[in-house]
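In what follows, a single structure is set out as structure tokens and then discussed.
The values are calculated or read from the model by the stated rules, or taken from the named source; none is laboratory data. Computed from a prediction, not measured in an experiment: that's the story for all the values here. Cβ atoms come from the backbone with ideal geometry, glycine included; neighbour counts cover every protein chain shown.
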Amino acid sequence: MTLDQQKSILTIALLAAFADGNKDDAEREEIRRIAQSLASDAGMADLPRIYQDVLLKRTTVQAAVEGLTDPMHRQLAYEMAVCVCDVDGRQTAAERDFLTRLKTALQLGASQTDAFDHEADAMVDVAEKVVPIAVPVAAAAATAKAAVPASVSDAELDKSILNYAMLNGALELLPQSWASMAIIPMQVKMVYGIGKAHGVELDQGHIKEFIAAAGVGMTSQYLEQFGRKLLGGLLGKVAGRTIGGLGGAATGMAFSFATTYALGQVAKRYYAGGRVMSTAMLRDTFQNLLGPAKQMQSQYLPQIQQKAATLDAGKIMAMVRGA
């Protein structure tokens, strides 16, 4: 895949990210940061300009697809756009309209997209049922007073966080385009379990708010995963073929290991301390933990790769469901 083709697919992913028009300032800033980070790592100097072109509506779907002549690249672009639209829940009317226009521009028929659409919809269905609604957000917030000792030891919580981190690192390495969509539901399950260990049962909405407060945006996190996969050669499975392979992990592809591990450690401190950390403190703590977590991921890369080799669609769905 050429640099221009990579740019075209990244442009389409960014267009999908802003298709619903509902991204807040924090999420837009995080996406901008990711564009700069990817540009620096990959030597793609004009990626921040592409981000600005998308944000300010100076480019279009039609312009973006013109650089994609290979049918496999066109299908990959569509699959990535669907994942970006689905990662934060059900597609909005604006996102559905965007994907319809994209499919037409890419000249993709139902035979090329229906199977993937079904897989992505199934993941959204499962993800929405990850955490049972146990305590309303307002009621849970009202009970935040003093620190509550965990019902399990710190060592057990650390082991659980590490297991979730390795699993999410493995999910990121899978060739299926939709596999990375399972990463955020698994982070939700992890945070839910940490809260429950401290006597707090919260609904999915509160947990997603906590994750966002720590500076881990859903759309921006997926865009970073996708961007690093694309630029690192782990392009996904399209048209029944796998492009790339697990060898690309050696270049630092287990990005989600570090994000998940740092998030789990922040959650452990937050719930152990009675949920009194401010948003600024949550973000600072997460960022301070992210660096060491990135160093850890190389240590656990063999286990991450081994775990990835054992996963399939059925196992992923079962894990997200909690089966």
Give the number of residues within region 186-210 that are surrounded by fewer than 24 Cβ atoms within 10 Å (Cβ to Cβ) and within 12 Å of the chain's Cα centre (by Cα).
-> 2
In region 61-86, residue surrounded by the most Cβ atoms within 10 Å (Cβ to Cβ) [restricted to those that are of a type in the set (S, T, N, Q) and in contact (Cβ under 8 Å) with a residue 12 or more places away in the chain] = Gln75
Out of region 274-296, which residues are surrounded by 12 or more Cβ atoms within 10 Å (Cβ to Cβ), among the aliphatic types (A, V, I, L, M) and not in a loop (DSSP other than H, G, I, E, B)?
-> Met281, Leu282, Leu289, Leu290, Ala293, Met296
Scan region 282-304 and report the pairs whose first residue is outside the structural domain of Arg269 (by TED's automatic domain parsing) and whose second residue is among the hydroxyl-bearing types (Ser, Thr, Tyr), with Cβ atoms within less than 6 Å and a gap of 6+ or a chain change.
-> none
Test Leu106 against the stated conditions and say whether it is in contact with a Phe, Trp or Tyr (Cβ under 6 Å, 6 or more places away or on another chain), surrounded by 15 or more Cβ atoms within 10 Å (Cβ to Cβ), of a type in the set (A, V, I, L, M, F, W, C) and at pLDDT 90 or above.
-> yes
Please verify whether region 78-95 includes one or more residues that are of a type in the set (Phe, Trp, Tyr) and farther than 24 Å from Glu128 by Cβ.
-> no
Just to be sure, is Glu224 acidic (Asp, Glu) and within 28 Å of Leu3 (Cα to Cα)?
-> yes
Check region 225-243 and report whether any residue there is assigned to a helix (DSSP H, G or I) and at pLDDT 90 or above.
-> no
Leu171 surrounded by 15 or more Cβ atoms within 10 Å (Cβ to Cβ), within 19 Å of the chain's Cα centre (by Cα) and either at pLDDT 90 or above or among the small types (Gly, Ala, Ser) (or both) = no
Could you say whether any residue in region 297-307 is within 24 Å of Phe210 (Cβ to Cβ), of a type outside the set (S, T, N, Q), crowded, with 18+ Cβ neighbours inside 10 Å and out of contact with any Phe, Trp or Tyr (no Cβ under 6 Å at 6 or more places or on another chain)?
-> no
